[in-house]
Amino acid sequence: ARVRNFFADLLGRLSTIPGVAHAGATTYLPFSGDNNSSVILIVGRALAPGESPPVPGWNTATPGYLQTMGIPLIEGRDLSDSDGPDATKVVIIDRFLARKYFPRGDAIGAKISRGMQMPGDPNKPPECTIVGVAGSVKTGNLAESNPVGQIYFSYKQWVPRSVHLALWTERDS
């Protein structure tokens, strides 16, 4: 709770700096050299024989991060302050994942699991409800031609150890 409150307070204070239009934070900024990716599964969709599960980039982000970075929200909603630890777990996926795994446009309300259940493990991976579809971004370099997709988890539900701050300013920094 202290970490969640710290980030909320920090972003609130940053957004009051004259000239700052938007403030957000994430665990992985595009082109930062940092990246975290792991398996997800689409709940209710079995993998075809020989098909590998999706391994998108995982981001933990604050409400407003997408807007701060200029990443459009195409469908649904952004992460919210109400997406707290006791609320339904939520996630935003990018357009690449939405088109690949939800070609009928039915991503909102669908669920993904954070990881796979290993044989013999009684613990089922946590499930998250898709609440938004964001624009796709290149994360490593501008010449990326083999996208893997990006997902954004709420920082209040998956508290990060560290974050990158992002500010959108209305004047020279």
> So what's the angle, to the nearest 10 degrees on a 0 to 90 scale, between helix 2-14 and the longest Cα principal axis of the chain?
Replying inline: 50
> Which values of log₁₀ I(q)/I(0), to two decimal places, follow from the Debye formula for the chain at q = 0.09, 0.11 Å⁻¹ with a uniform point scatterer at every Cα?
Replying inline: -0.32, -0.47
>> Under a crude label model (7 Å from the Cα following the beta-carbon direction), how far is W168 from E144 in nanometres?
In response: 2.0
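For the chain, with all protein chains present and a 1.4 Å probe, just round the carbon and sulfur fraction of the accessible area to a whole percent.
C and S atoms contribute 51 percent here.
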> Largest first, what is the accessible-area ranking of W58, W168 with a 1.4 Å probe?
Replying inline: W168, W58
> So what J values fall out for the range 148-159 if you push phi through Karplus, 6.51 cos²θ - 1.76 cosθ + 1.60 with θ = phi - 60°, rounded to Hz, Gly and Pro as x?
Replying inline: 10, x, 9, 10, 10, 9, 6, 5, 7, 9, 9, 5
> With the contact rule set at Cα under 8 Å and sequence spacing of 6 or more, what percent relative contact order holds for the range 1-112?
Replying inline: 23
> Can you give the calculated 222 nm mean residue ellipticity of the chain, where each DSSP H run of n ≥ 4 adds -39,500 (n - 2.57) and the sum is split over every residue, rounded to the nearest 500 deg cm²/dmol?
Replying inline: -4000 deg cm²/dmol
> What lysines sit close enough to K89 to cross-link, taking a C-alpha to C-alpha distance under 21 Å and skipping anything fewer than 8 places away on the same chain?
Replying inline: K111, K124, K156
> In what sequence, largest accessible area first, do K100, K124, K89, K111 appear using a 1.4 Å probe?
Replying inline: K124, K100, K111, K89
>> With every protein chain kept in place and ligands, DNA and RNA left out, what is the accessible area per residue of the range 14-173? Probe 1.4 Å, answer in Å².
In response: 54
>> If I take R0 = 30 Å and measure r between the Cβ atoms of N5 and T129 in this structure, what FRET efficiency does the formula 1/(1 + (r/R0)^6) give, to the nearest 0.05?
In response: 0.75
>> Could you report the accessible area of F96 in Å², rounded to 10, computed with a 1.4 Å probe on the protein chains as they sit in the structure?
In response: 60
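For the range 1-77, give the magnitude of the charge dipole about the Cα centre (Cβ charges: +1 Lys/Arg, -1 Asp/Glu; no others), in debye to the nearest 20. Kindly include the intermediate steps, with their values, before the conclusion.
Numbers: 5 positive and 4 negative charges, 53 e Å.
That gives a dipole near 260 debye.
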>> I'd like to know which of C128, M116, L79 lies farthest towards the positive end of the charge dipole of the range 37-173, counting +1 on Cβ of Lys and Arg and -1 on Cβ of Asp and Glu.
In response: M116
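The values are calculated or read from the model by the stated rules, or taken from the named source; none is laboratory data. Note that the coordinates shown come from a computational prediction; the quantities given were computed from them, not determined experimentally. Backbone-built Cβ (ideal geometry, glycine too); neighbour counts: all protein chains shown. SASA here: full protein model, heavy atoms, side chains in, ligands and nucleic acids out. Shrake-Rupley method; radii C 1.70, N 1.55, O 1.52, S 1.80 Å.
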